[in-house]
Amino acid sequence: MGREIRRVGVVGLGTMGAGIAQVCVQAGFEPVGVEVSGELCERARGTIDHYLSRGVEKGRLGVDEREAALARLTTSTRRADLGGCDLIIEAIVEELEAKQELFQELDGITDAGAVLATNTSALAVTEIASAVERPERVVGLHFFNPAPVLPLVEVVRTDLTSDEAYERAFGFAEALGKEPIRCNDTPGFVVNRILIPLLNDCVRVLDEAGVTPSDLDRAMRFGVNWPIGPCALLDLIGLDVHVHASHALREKLGEPRMAPPPRLVSMVERGELGRKSGQGFFAYD
Ligand SMILES: NC(=O)c1ccc[n+]([C@@H]2O[C@H](COP(=O)([O-])OP(=O)(O)OC[C@H]3O[C@@H](n4cnc5c(N)ncnc54)[C@H](O)[C@@H]3O)[C@@H](O)[C@H]2O)c1
């Protein structure tokens, strides 16, 4: 087995990257977070501070623990600062070219034993790995939103991923206190491959069965024991995020069920994105 993961880098500190960096500091790691501007670095630190402070308010965390956790985070706008990392998690925009360009540079900055991980939801890890000279050290570490709350991490291997890189990434997810699962690099991996067409079917049923969003949610909660109804879940995920992922899966798998229903596309066009916009299937304050 190769060396232990000690130094961790996170590139892109948006919704997912900031959440992943928070998980790292809470697990005792000292991550280096890289963003494109100092302002975005500070915004991410503010977000992490906010969620850690909520943990303090709810009695899950002591004030000194919050301070110690925040102090473990370093941020930078220079990729060169990732040089000493044993593992780097990429969480930048969902665009193949941007990710390939980044991985190519990371390949040169880091030493050969470092593991390079992507948090992509819908791109092929294999395609991202094709940009580097040593694709055997590229894996997918697919966290779920919000990363500090949801325990699952899909640890994705390509045909070229080495056992050593894979096991180190898997062990790292365990060291974070997460619930990792092993899977191959297939479109949507495990959860999105199942959840996206399922939620699309739920939305189609709204019109087909003439049922209200509220009754559809009650149907699945009280008839199947789902902890949350599909419409409330879509509002939580963000309708724009779901529609984007649906298009990507439709393109990759060619199945009509993967395509977003017109009702969802119209809602996104009207700016009804769910919780984050205050309006989706339901209204939020
Ligand atoms: N949002 C989700 O629910 C979710 C869930 C799982 C996985 N993902 C995946 O995680 C990745 C990030 O998604 P997100 O929702 O956090 O996006 P986001 O837009 O919130 O954050 C992306 C961040 O990356 C930064 N960035 C862009 N290019 C960069 C670069 N070259 N170097 C450094 N930083 C850069 C941006 O400034 C931005 O802050 C995507 O690949 C997405 O598919 C998202």
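The values are calculated or read from the model by the stated rules, or taken from the named source; none is laboratory data. A quick note: this is a predicted structure, and the numbers were derived from the prediction, not measured. For neighbour counting, all protein chains shown are included, and Cβ atoms are generated from backbone atoms with ideal geometry for every residue, glycine included. SASA here: full protein model, heavy atoms, side chains in, ligands and nucleic acids out. Shrake-Rupley method; radii C 1.70, N 1.55, O 1.52, S 1.80 Å.
Numbers below:
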{"item": "Candidate aspartates and glutamates - alpha carbon under 20 Å from LYS276, same-chain residues fewer than 8 apart omitted", "result": "ASP49, GLU94, ASP217, ASP235, ASP240, ASP285"}
{"item": "Cα centroid separation - segment 28-78 against segment 107-143, whole Å", "result": "25 Å"}
{"item": "Chain lengthening between HIS50 and LEU195 when straightened (0.36 nm per residue, less Cα-Cα)", "result": "49.2 nm"}
{"item": "Taking the chain and dividing mean pair separation by its residue count, relative contact order in percent (alpha carbons under 8 Å, at least six apart)", "result": "14 percent"}
{"item": "Exposed trypsin sites (Lys or Arg not before Pro) absent - longest run of the chain, DSSP non-H/G/I/E/B, at most 14 other C-beta within 10 Å", "result": "79-269"}
{"item": "Rh (Kirkwood; distinct C-alpha pairs) - the chain, Å", "result": "19.9 Å"}
{"item": "Rounded accessible area per residue of the chain, 1.4 Å, Å²", "result": "48 Å²"}
{"item": "GNM result for the chain, Cα springs below 10 Å: residue of ALA44, ALA232, ALA114 fluctuating most strongly", "result": "ALA232"}
{"item": "Gaussian network model of the chain, springs between alpha carbon atoms under 10 Å - residue of ALA165, ALA27, ALA91 with greatest fluctuation", "result": "ALA27"}
{"item": "11 Å beta-carbon shell around PHE144, net charge (K/R +1, D/E -1)", "result": "-1"}
{"item": "Projected label distance in nm at GLU65 and ASP285, using a 7 Å step from Cα toward the beta-carbon", "result": "2.9 nm"}
{"item": "Selected from ASP49, ASP207, ASP111 as most flexible by GNM, with the chain as the system and alpha-carbon contacts under 10 Å", "result": "ASP207"}
{"item": "Cα-centre dipole for the chain with unit charges at Cβ (Lys and Arg positive, Asp and Glu negative), debye to 20", "result": "620 debye"}
{"item": "Given charges at Cβ of Lys, Arg, Asp, Glu: the chain dipole, positive-most of GLY140, ALA114, GLY28", "result": "GLY28"}
{"item": "Shape metrics for segment 123-235, restricted to C-alpha atoms - Rg then Dmax, Å", "result": "17.8, 54"}
{"item": "Heavy-atom accessible surface of the chain: percent carbon and sulfur, 1.4 Å", "result": "51 percent"}
{"item": "Gained length - VAL93 relative to LEU160, 0.36 nm times residue gap less alpha-carbon distance", "result": "21.7 nm"}
{"item": "Gain in span if fully extended, GLU251 to ARG7, counting 0.36 nm per residue against the direct Cα distance", "result": "84.1 nm"}
{"item": "Filtered GluC sites (Glu not before Pro), segment 50-143: DSSP coil and at most 15 other beta carbons within 10 Å", "result": "GLU95, GLU133"}
{"item": "Computed label-point distance, nm, for sites LEU150 and ALA27 using a 7 Å Cα→Cβ extension", "result": "1.7 nm"}
{"item": "Shape category assigned to segment 200-247 from the gyration tensor of Cα positions, a/c cut at 1.5", "result": "oblate"}
{"item": "Assigned charges on the beta-carbon of Lys, Arg, Asp, Glu; segment 15-54 dipole about Cα centre (debye)", "result": "140 debye"}
{"item": "Under 23 Å from LYS252, Cα to Cα: lysines that are on another chain or at least 8 residues apart", "result": "LYS99"}
{"item": "Segment 59-136 - Rg over Rh from alpha carbon coordinates, Kirkwood radius", "result": "1.08"}
{"item": "Shape call, segment 1-98: gyration tensor on alpha carbons, a/c limit 1.5", "result": "oblate"}
{"item": "Cα gyration tensor shape of segment 189-285, rounded if a/c is under 1.5, else prolate or oblate by comparing a/b with b/c", "result": "oblate"}
{"item": "Nonlocal amide H pairs with VAL153, under 5 Å, H built at 1.01 Å", "result": "GLU179, ILE181"}
